[in-house]
1. I'm checking my understanding of the structure. Among residues of the range B:457-493 that are polar (S, T, N, Q) and farther than 15 Å from B:Leu258 by Cα, which one is most open to solvent (accessible area, probe 1.4 Å)?
2. Determine which single condition B:Ile85 fails, assuming it passes every other condition in (1) within 16 Å of ligand 1 (Cβ to nearest atom); (2) touching a helix residue (DSSP H, G or I) at 6+ places or on another chain (Cβ under 7 Å); (3) within 14 Å of chain A (Cβ to nearest Cβ).
3. Looking only at the range A:191-247, which residues are more than 9 Å from chain B (Cβ to nearest Cβ) and not in a helix (DSSP H, G or I)?
4. Which ones in the range B:333-384 are on the phi > 0 side of the Ramachandran plot and either crowded, with 20+ Cβ neighbours inside 10 Å or among the polar types (S, T, N, Q) (or both)?
5. Limited to the range B:406-420, what total is found for residues that are surrounded by 23 or more Cβ atoms within 10 Å (Cβ to Cβ) and away from ligand 2 (no atom under 12 Å from the Cβ)?
6. Please go through the range B:334-350 and give me each residue that is free of Cβ contacts under 8 Å to residues at least 24 places away in the same chain, in a strand (DSSP E or B) and either in contact with an Asp or Glu (Cβ under 9 Å, 6 or more places away or on another chain) or within 12 Å of chain A (Cβ to nearest Cβ) (or both), ordered by number.
7. Looking at (1) within 14 Å of another protein chain (Cβ to nearest Cβ); (2) touching a Gly at 6+ places or on another chain (Cβ under 7 Å), which one does B:His359 not meet, given that it meets all the others?
8. Given the conditions (1) within 14 Å of chain B (Cβ to nearest Cβ); (2) free of Cβ contacts under 8 Å to residues at least 40 places away in the same chain, and given that A:Ser330 satisfies all but one, which numbered condition is not satisfied?
Amino acid sequence: MANARGELPTWVDIGLIPLLNLFIALLVAGLVVLIIGENPLEAMWIMLKGAVGSIKGWGYVLYYATNFIFTGLAVSVAFHAGLFNIGGEGQAYFAGLGAAIVGLSLEFLPWPIVIPLAILASILFGAFWAWIPGYLQAKRGSHIVITTIMFNFIGASLMVYLINNWFRPVGKMAVESREITGAYILSFREIGLQFFGVRLPSTPLNLTVFLAVIAVVFVWYLLWRTKLGYEIRAVGANPEAAIYAGIKPDRIIIIAMAISGGLAGLMAVNEVLGVQHRLLLEFAGGAGFVGIAVALMGRSHPVGIVFAAMLFGLLYQGGAELSFAKPLISRDMIVVIQGLVILFMGALEYAFRPTLAAIFANVED
Amino acid sequence: MALSLSWERAEPKFTMTPAIELIGIDKRFGAVHANKDVSMTIAQGSIHGIIGENGAGKSTLMSILFGFYAADKGEIKVKGQPAKIKSSFDAINLGIGMVHQHFMLVDPFTVLENVVLGAEGGRLIGPALAKARAELTRLARDYELDVDPDAIVGELPVGLQQRVEILKALFKGAETLILDEPTGVLTPDEADHLFRILGQLRDQGKTVILITHKLREIMAITDHVSVMRRGELVATKQTSQTSVEELAELMVGRRVLLRVEKGKAKPGAVVLEVKNLTWRDSKGTARVDNVSFTVRAGEIVGIAGVSGNGQSELLELISGISKPTSGQIIFEGKDIGILGDPRHVRQEGLAHVPEDRQHRGLISSFDASESGILGWHYDESLGHGFRLDREAVVNRCQSEMREFDVRPGDPLLKSAKFSGGNQQKIILARELKRNPDLLIVGQPTRGVDIGAIEFIHKRLIELRDQGKAVLLVSVELDEIRSLSDRILVMFAGRIMGERDASSDEREIGLLMAGVSKDAA
Ligand SMILES: Nc1ncnc2c1ncn2[C@@H]1O[C@H](COP(=O)(O)OP(=O)(O)OP(=O)(O)O)[C@@H](O)[C@H]1O
Ligand SMILES: [Mg+2]
């Protein structure tokens, strides 16, 4: 039933609207494909098959989704506190430093000690990189959007310097650290081989995907089942009322940013410890920014974020396959398609709402 | 403060076709049946009052007329013609204007820009503005609606903002004007002025629909009055042929105590002592100026005053929201002023019902159960340590809703979806049930129906009789006079004097206006 004008049944709000937006995004993308002289339906089929038509495809989709879940959750926690954290990219990148320091320097220790320590270090480094903008916002009023963007740049430059001067082994040409030879996080391929004797296709998917599941549950629990989460949401929804309630918005802003950064930092676990086994340049690869779209699309709810992250994982993997199969459709085209999805699902999220609301109001009459 | 009804009352000239006819309007929100087969006829050129308890469906009915909600069933006729009103745009085109309970103005815009908004007519704003300026001058002359067209709306007092809302509607050609609880936020003087304006509108042949909880206002300016109860229209009366008592009974369905019954106070030890309290705003103006008073256990101390004379700031200081510039707030022997921490102040045994329930008292996007723990959410009974036990939160809300008769009694409904009076009950329940030693309460019955007012007043007196201290701030002098054991009058940040409850209303009125023999 339609309530107020502009108010829609829940299933329309969280089900139909995202699907409709996705459909239109694909339609426009299809048009672009048509213009460059390819068959859009065929392109779509290649993408879909490449992503979910094989175990290998699924492996990649889930691997991408793991990253997007971390960065999407990061954006959403800050968002619930009324903050727009654009700095997930920089926070994830900087967190790689923590993962690499522990991974490389504690190689002599057994994995049950090193891995948790490395995860912790990633969280702390990511949290630290978000804590500074949070602190500046709370105490000095510097706008979080500006500072987090700046910290993306600062982080990027700092990491180039550090990797080049501290981590790069003497004589190595590539700007990256040496390989972590001690403990790292096992990939599904290795697990299949070692424990089950099955030969899985080689994909970057590793056990970190379970960490993402834990993070999803953690964020849900934090926001809706703890006093801190209550305070975070109160500050985000109505700072005046929060002050009345004895909540200190400054404190909450700093804490929420630190948690947000910590979540983004977990992405480094996936990349540095799970996939690359070394620290290398630009390993975050834009996942921090995709996180913004994922959080928007997932309505800042952990469950929504899982779905949105999967969708973007699909687009990434399917897109890679597509550019491989159709040389006319370059990697850049894929970025355009992803951009369209972001545009329609995020920025134009509410574009079709009034129309739908009118339709539903009419159905009621 | 009594309304001074100084304008001449022209004999209403009702023409034959009614301005508005609502026929069999029906509306449900899920389980809530907000309007049940409501039919109402509004005569052209009249002021038509609508009264009813909180949640009776008054705002819903008017929102349907204004195109905000679609009725499930029913028909609307405007000037005898069947009308399909699908949006407020349609309503405006049919000559219907609405002034909402919460204003819909763009704060950083000027009055002129706000008035033109939505009626720009063309791409260029210049001509529209010039035309609007001329029109505004005419309206201001005809209806005593003076506002500076170039003032920034956000900087105007609420009374003037409301005038801008009225101007906006008239500018768009409103023949029928709906006002939803327009006086809730006004000072008595501003309310007087508003009624003069409404009287003039009527005399010029416009139709006014007025929703209010104040029966006195109904008696003073309406021609007809419709009473709603639980979604149904129970009666429409000619105002001259009814009485406050009859209306009250129709509204609530039983006899209502319009006077507060209370015994003599038995004041005990001093609970709150405010000493030379001063608070300066960022511009250095003393908004609370060297204020000293005490509140004892077992008494209600009322602070009277026209709004904006430092009462709000005083409440914020005592509740710890802001810190005093100088002076002390001693609560049960401890100086809580220096803490400036609402949470700590609560733990000491103070509860606070804030003046502004929309912006302070609850969080509209939270469900009722979450709003029902605001400020007390850290309590161990709601979950140990860091945990927040959802079940405990919902259960607490459920039982408080039952005890305070909140409708609908659904803890999972969003706070914003409760009617004003029910929101207030949620807040009161939250604060009263914590068994505070001192309750400070601002405007406890703003926008609340008479049945609920009776209930709230009873609870406040009960609290007093349990030996608790109550500090009451209200702009309703009647409320202050009937509840308080002692009355302090504030003007321009100072306490102008202290009176007891039996003292002359005029004398208190003079103190409120800053005229005093005994001011320091
Ligand atoms: N959007 C909505 N969704 C669900 N229920 C609603 C909504 N709007 C109103 N209601 C419910 O409908 C009923 C009528 O509400 P309405 O606001 O019309 O009351 P009212 O008579 O204006 O009360 P008040 O005097 O307190 O303003 C209430 O029970 C209210 O909770
Ligand atoms: Mg209402």
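1. Pass one, the range B:457-493, residues polar (S, T, N, Q): B:466, B:474, B:482, B:484.
So of that shortlist, the ones also farther than 15 Å from B:Leu258 by Cα come out as B:466, B:474, B:484.
Working: B:Gln466: 111, B:Ser474: 3, B:Ser484: 0 Å².
That would be B:Gln466.
2. Tallying (1) within 16 Å of ligand 1 (Cβ to nearest atom); (2) touching a helix residue (DSSP H, G or I) at 6+ places or on another chain (Cβ under 7 Å); (3) within 14 Å of chain A (Cβ to nearest Cβ), B:Ile85 fails exactly one: (1).
3. A:Gly197, A:Val198, A:Arg199, A:Leu200, A:Pro201, A:Ser202, A:Thr203, A:Pro204, A:Leu205, A:Asn206, A:Leu207
4. If the condition is that a residue be on the phi > 0 side of the Ramachandran plot and either crowded, with 20+ Cβ neighbours inside 10 Å or among the polar types (S, T, N, Q) (or both), then B:Gly375, B:Gly383 are the ones that fit.
5. Number of matching residues: 2.
6. B:Lys334
7. (2)
8. Just one mismatch for A:Ser330, condition (1).
The values are calculated or read from the model by the stated rules, or taken from the named source; none is laboratory data. Please read these numbers as outputs of a predicted model, since none were measured by experiment. Cβ: placed from backbone, ideal geometry, glycine included. Neighbour counts: every protein chain shown. Protein only, heavy atoms only, side chains kept; ligands, DNA and RNA dropped before computing areas. Shrake-Rupley method; radii C 1.70, N 1.55, O 1.52, S 1.80 Å.
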